[in-house]
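K.L.:
Here it is, the structure in full.
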Amino acid sequence: LIETMTDRNILIVHHNLYHAQKMYDQYSQIDDAVLFYPQDEFITTEMLAMSESLKFERLETVKSIINPGRHVVITHPTGFIKSLYPLKYYKDAEITYRVGDDIDIEAFISMLIMYGYKRANVVEQVGEFSIRGSIIDIFLTDYNEPIRIDLFDTEIDSIRTFSAQTQRSMHKKDAFHVFPRVEFFYTEAILQTIQSNVH
C-alpha cells in the first residue's frame, strides 16, 4: 500500500474500528503521513461514555490535516460518516500567543471554556487552567507539561513550562498554541453563520 501512494491526500475506509486500528498501527510505523480517525461504533456507547482517547485521536488528525502536506487518513464507516465543522473553522480556532502579545483576560477565559478547558484552583491535569492575579496556568492538550503565563498588565511578560507535581517553573518558551479540546465549539464566526442560516 505505502509503495503505491502518491503525493495526493488519501482516505482509507476499513470495514470496522478494529481492522482500521490494526492497519493504522502497521503503516504509521513506516510513514509519518498516516493518520487515524476513529469513532465509537455503537450509538449507545457514544451516548453513555464517549471514549476520550478516540476523541483526542480525531482532534489530532484534524489538527494535522489542516496543515499543508500529504496526508493518509485511515478510518472506518462510523468515522467516515461522522459530522464535522468545515476544516476552516478548526484552522481559524488554532491561536498562537507570543511573549509581548496583549491578552484580554476575560475573553481568554471565555475562549478556554468554549474550547473545552476547565477552571481549577491548581492545574494538575491536561485540560485544566487557573488564574492567580497576573499568572495564568494552562495544561494544553498536546503539551507534555503545563505552561505558566506571567502578565505585565495585559501583556505576556514570560511563558514557562512547569511541573504539575511541584508547581515549580521549568523551561522558558517564546510562544504557545491553543487548540480546542472538543470537536464542536462556537466562535463568533460560527454563531454568525448559524444565525444567518436560521433566518
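K.L.:
Of all residues in the stretch 150-165, how many are more than 16 Å from Glu106 (Cα to Cα), assigned to a strand (DSSP E or B), open to solvent by less than 50 Å² (accessible area, probe 1.4 Å) and without any contact (Cβ under 8 Å) to a residue 60 or more places away in the chain?
P.N.:
Looking only at that region, the number is 3.
K.L.:
Still on this model: In a loop (DSSP other than H, G, I, E, B) and at pLDDT 90 or above: is that true of His19 in this structure?
P.N.:
Answer is no for this residue.
K.L.:
May I ask you to list the residues in the stretch 185-199 that are open to solvent by 80 Å² or more (accessible area, probe 1.4 Å), among the polar types (S, T, N, Q) and closer than 21 Å to Ile95 by Cα?
P.N.:
Residue satisfying the conditions is Gln192 alone.
K.L.:
Would you check which residues across the stretch 166-183 are touching a Phe, Trp or Tyr at 6+ places or on another chain (Cβ under 7 Å), touching a residue at least 40 places away in the same chain (Cβ under 8 Å) and not aliphatic (A, V, I, L, M) and list them?
P.N.:
Phe176, Pro180, Arg181
K.L.:
Follow-up. For the stretch 110-149, which positions are surrounded by fewer than 16 Cβ atoms within 10 Å (Cβ to Cβ) and free of Cβ contacts under 8 Å to residues at least 24 places away in the same chain?
P.N.:
Selection gives Ser110, Ile113, Lys118, Arg119, Ala120, Asn121, Arg132, Gly133, Ser134, Ile135, Asn144.
K.L.:
Hey, does the stretch 74-91 have a residue that's surrounded by 14 or more Cβ atoms within 10 Å (Cβ to Cβ) and in a strand (DSSP E or B)?
P.N.:
Among the residues of the stretch 74-91, at least one is surrounded by 14 or more Cβ atoms within 10 Å (Cβ to Cβ) and in a strand (DSSP E or B), which makes the answer yes.
K.L.:
Right, next: Does Arg168 count as open to solvent by 40 Å² or more (accessible area, probe 1.4 Å) and farther than 19 Å from Lys55 by Cβ?
P.N.:
yes
K.L.:
Continuing with the same structure: Output the residue which, of all residues in the stretch 171-184 that are hydrophobic (A, V, I, L, M, F, W, C) and touching a Ser or Thr at 6+ places or on another chain (Cβ under 9 Å), is most open to solvent (accessible area, probe 1.4 Å).
P.N.:
Going residue by residue through the stretch 171-184, those that are hydrophobic (A, V, I, L, M, F, W, C) are 175-176, 178-179, 182, 184.
Still in the running and touching a Ser or Thr at 6+ places or on another chain (Cβ under 9 Å): 175-176, 178-179, 184.
Numbers: Ala175: 26, Phe176: 0, Val178: 0, Phe179: 16, Phe184: 89 Å².
Within the stretch 171-184, the match that is most open to solvent (accessible area, probe 1.4 Å) is Phe184.
The values are calculated or read from the model by the stated rules, or taken from the named source; none is laboratory data. Quick caveat: nothing in here was measured; it's all calculated off a predicted structure. Cβ atoms come from the backbone with ideal geometry, glycine included; neighbour counts cover every protein chain shown. All accessible areas refer to the heavy atoms of the entire protein, side chains included, with ligands and DNA or RNA removed. Shrake-Rupley method; radii C 1.70, N 1.55, O 1.52, S 1.80 Å.
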